[in-house]
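Trainee: Let me give you the structure first, and then I'll get to my questions.
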Amino acid sequence: MPYQLKNVPGVQKTLDALKNGDADDQAKLEKVRKALRLLRQDPRHPSLNTYPYQNFPGVAKDVKVWHSYVENKTSSAWRIWWKYGPGRGVITILTIGPHDL
């Protein structure tokens, strides 16, 4: 059963900026959408290269945050930072952007 994705408010702003951007932004948006589809179906999908992320700003230390690839082997490659919950079957997207967070 696929996960339900929930975005924190800043994530939608990022997606809207890509949607309204130039051709490069539009291409990035397609990569983000693909990664989100894969995340929704299987957070452990091999192409996402998901692994735990340490010390995510603004999140309690006892909450496990994950880091998944949107791109790889690209200058300023983008990532998705997320956590499980709230509730069963939900993934909350914390932010999407360059991996140098």
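Trainee: What order do you get for 64, 83 when you list them from fewest to most C-beta neighbours inside 10 Å? Write out the running numbers ahead of the final one.
Mentor: Values: 64 13, 83 17.
Starting with the residue having the fewest Cβ neighbours, the order is 64, 83.
Trainee: Return the long-range amide H neighbours of residue 65 (sequence gap of 5 or more, or a different chain), with a cut-off of under 5 Å between placed amide H atoms.
Mentor: For residue 65, whose amide H was placed from the backbone, the distant partners under 5 Å are 53.
Trainee: Taking H as built 1.01 Å from N, whose amide H comes closer than 5 Å to the amide H of residue 7, not counting residues under 5 places away?
Mentor: 93
Trainee: I've got another one for you. Restricting to DSSP H runs of at least four residues, report the calculated mean residue ellipticity at 222 nm for the chain, -39500 (n - 2.57) per run over all residues, nearest 500 deg cm²/dmol. Write out the running numbers ahead of the final one.
Mentor: On the way: 2 runs with 30 residues, N = 101.
So the calculated ellipticity at 222 nm is -9500 deg cm²/dmol.
Trainee: Counting only residues 5 or more places away or on other chains, whose amide H sits under 5 Å from the amide H of residue 71 once H atoms are built in the peptide plane?
Mentor: Excluding prolines and chain starts, which carry no amide H, the hits are 78.
Trainee: Order by neighbour count: 74, 95, fewest other Cβ atoms within 10 Å first, most last.
Mentor: 74, 95
Trainee: Hey, what do the phi angles of the stretch 42-53 turn into as Karplus ³J(HN,Hα) couplings, whole Hz, using 6.51/-1.76/1.60 and θ = phi - 60°, x for Gly and Pro?
Mentor: 7, x, 9, 3, x, 6, 7, 6, 6, 8, x, 10
Trainee: Let me ask you something else. Can you put 69, 51 in order of Cβ neighbours within 10 angstrom, beginning with the fewest?
Mentor: Working: 69 21, 51 9.
In increasing order of surrounding Cβ atoms, one gets 51, 69.
Trainee: Checking a compactness column here: for the stretch 8-101, what do you get for Rg(Cα) / (2.2 N^0.38 Å), N being the number of residues? Working shown, then result.
Mentor: Working: Rg = 13.0 Å, N = 94, 2.2 N^0.38 = 12.4 Å.
In units of the globular-protein estimate, the stretch 8-101 measures up at 1.05.
Each value in this text was obtained by applying a stated rule to the coordinates, not by laboratory testing. Keep in mind it's a predicted model, so treat the numbers as computed, not measured. All Cβ positions, even for glycine, are placed from backbone atoms using ideal geometry, and neighbour counts span all protein chains on display.
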